[in-house]
Amino acid sequence: MKQKRFTEEQKAFALRQADSGVPISEILRKMGISEATFYRWKKKYGGLEHFTFGR
């Protein structure tokens, strides 16, 4: 199976959706990612206040 790659913008969008109250299960389904992947992104970027787009 081909591995998907997500841009930082897509990751930020997913985290922003979660912060705005969209159920995590819906985000996972729409993006086609696992729960582990979502929480890995959340841990890595520590919320949106530290999220930068490769200055």
For this session: Give the residues of region 3-26 that are at pLDDT 95 or above and β-branched (Val, Ile, Thr), sorted by residue number.
Result: Val22, Ile24
For this session: Output the number of residues of region 21-46 satisfying the condition of being touching a residue at least 24 places away in the same chain (Cβ under 8 Å) and within 13 Å of Phe6 (Cβ to Cβ).
Result: 6
Exercise. When you go through (1) touching a helix residue (DSSP H, G or I) at 6+ places or on another chain (Cβ under 9 Å); (2) at pLDDT 85 or above one by one for Phe53, which number turns out not to apply?
Worked result: (2)
Problem set entry | Exclusive hit being modelled with pLDDT of 95 or more, under 10 Å from the mean Cα position of the chain (by Cα) and basic (Lys, Arg), set Arg40, Arg29 | Arg40
Exercise. Are there any pairs, at least 6 apart or on different chains, whose C-beta atoms fall under 8 Å, with the first in region 6-18 and touching a residue at least 24 places away in the same chain (Cβ under 8 Å) and at negative phi and the second among the charged types (D, E, K, R) and in a helix (DSSP H, G or I), and if so, which?
Worked result: Leu15/Lys42; Ala18/Lys42
For this session: Kindly provide the set of residues from region 21-43 that are outside any helix (DSSP H, G or I), within 12 Å of Gln10 (Cβ to Cβ) and in contact with a helix residue (DSSP H, G or I) (Cβ under 9 Å, 6 or more places away or on another chain), ordered by number.
Result: Ile33
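The values are calculated or read from the model by the stated rules, or taken from the named source; none is laboratory data. Remember, it's a predicted structure, so these values are computed and weren't measured experimentally. So basically every Cβ, Gly included, is an ideal-geometry build from the backbone, and we count neighbours across all protein chains shown.
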